[in-house]
Amino acid sequence: MTAVTNALVGRGILLTRSEDDCAEWAEEIERRGARAVLLPCIRSEPLDTLELRAALATALENANWLVATSRRGVEAVARLRAPHIPLNARTRVALVGAATAAAARALLGRADLVGSGTAARLGAALAAGPVKRGARVVLALAENAGGALERVLTSAGASCTRLDVYRTVAAPPAARKRALSSLGAERVLLASPSAASGFVHQVELDVPVAIYTIGPSTTAAARALGLDVTAEAREPSFESIWEAMQ
C-alpha cells in the first residue's frame, strides 16, 4: 500500500450510486482499507414495451453496429431482444468501459470495440475509422443520456437509431433529510447528475465534506445544485475517481 493510499485508510467514503452498484464499489473500497458508507441516491428503471421490443428487433436486423455506454444498456438489450436469436454476425458491438464489455460478452456474446472515458470519446473513436459512411448504428441508451454520441456518429455519416432502454431516477426529496454528520463520511462520490440530485434531496450538509465527481456533466449538475466539487475524475471509472481522491 502506497503512502498516498494510506491517507484514505479508515476514511469514510459515501457512495451514492444505485444499491447494487454501490455494493460493487464498496467491496473495492473496503479492500483498499477505507470505509464504504452506502446511501443509494438513484435507482434504474427498465423500459419495456411491445413497441420498444419491436423497434429494437427491427433496428438490429440490419445494424452494422450496436453501441451501449453502460452495463444497464447491455442488460436492457439482452432483456428486450428475443433470447433465442443471436446477433447477426455482421453486427459489431461497441461499448464504454471494461465492466460494460464484460456484460456484453456474457449476455450478447461479443464486444468488438471497447472505449474508455465518455460516450463522446467512444463516438470519436468509432467515427475515426470503424464506422463507415452510411453504416447503420443502434444506440442503446438511458432515457436521460445526452446526445453527444449520436451527434458525433451522425456527423461522420452514420445512420443512427437511438433507443432509450432504461432510465435513471434520482431519489425523491426526503420528508426529513439525514444530517451528513450522522453518516460518518468525510468524502462523497457522485457518479451521475441524477446521483447529485438524489444526494441533495436526502442529505443535509451540516459539516464540511469533500465531494468527488466522475465527470464534467456530474460536476456541472453538482455545482448547479449548490455543491462545492473538490475534484473531478479524469475519466468515468472507479480507478479514476479513486485517484482524484488522493
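FYI, it's all coordinate maths here, none of it is from the lab. Keep in mind the model is a prediction, meaning the values are calculated, not measured. A quick note on method: Cβ atoms are made from the backbone with ideal geometry, for glycine too, and the neighbour counts reach across all protein chains shown.
Odds and ends about this structure:
- Computed over region 97-173, the alpha-carbon pair-distance distribution with 10 angstrom bins reads 18, 45, 31, 5, 1, each value a whole percent.
- Checking [x] 18.7, 65; [y] 22.8, 73; [z] 19.2, 56 against Rg and Dmax of the Cα atoms in Å calculated from these atoms, the matching label is [z].
- A Förster radius of 51 Å, combined with the Cβ-Cβ distance separating E45 from K132, puts the computed FRET efficiency at roughly 0.90.
- Inter-site label distance for V9 and E24 at 7 Å from Cα along Cβ, in nm: 2.9 nm
- Normalised by the number of residues in the chain, the mean separation of alpha-carbon contacts (under 8 Å, six or more apart) gives a relative contact order of 20 percent.
- Placing +1 on each Lys and Arg Cβ and -1 on each Asp and Glu Cβ, with no other charges, gives the chain a dipole about its Cα centre of roughly 620 debye.
- P(r) weight above 22 Å for region 164-246, C-alpha pairs, percent: 23 percent
- Residue list for region 81-109, given a label point 7 angstrom along the Cα-to-Cβ vector of R53 and an amide N cut-off under 11 Å: 81-83
- Extension gain, L113 back to S155 (0.36 nm per residue minus Cα-Cα distance, nm): 13.1 nm
- Beta bridges by DSSP in the chain, antiparallel share as percent, to the nearest 5: 15 percent
- In a simple Cβ point-charge model (Lys, Arg +1; Asp, Glu -1; nothing else charged), region 170-246 has a dipole of about 300 debye relative to its Cα centre.
- Phi angles across region 214-226 convert, under the Karplus curve 6.51 cos²θ - 1.76 cosθ + 1.60 with θ = phi - 60°, into 3J(HN,Hα) values of 8, x, x, 5, 5, 4, 4, 5, 4, 5, 5, 8, x Hz, Gly and Pro given as x.
- In Hz, Karplus ³J(HN,Hα) per residue of region 188-193 (6.51, -1.76, 1.60; θ = phi - 60°; x = Gly, Pro): 10, 9, 10, 10, 6, x
- Mean Cβ count within 10 Å, highest first, over the residues of peptides 44-55, 26-37: 26-37, 44-55
- Computed Rg/Rh of region 46-168, alpha carbon atoms with Kirkwood Rh: 0.92
- Cβ-placed point charges (K, R +1; D, E -1), dipole of region 46-168 about Cα centre in debye, nearest 20: 300 debye
- Under a 5 Å amide H cut-off, with hydrogens placed 1.01 Å from N, N144 pairs with T168 among residues at least 5 apart or on other chains.
- Per-pair calculated FRET efficiency, R0 = 51 Å: D206 and E61 via Cβ, rounded to 0.05: 0.40
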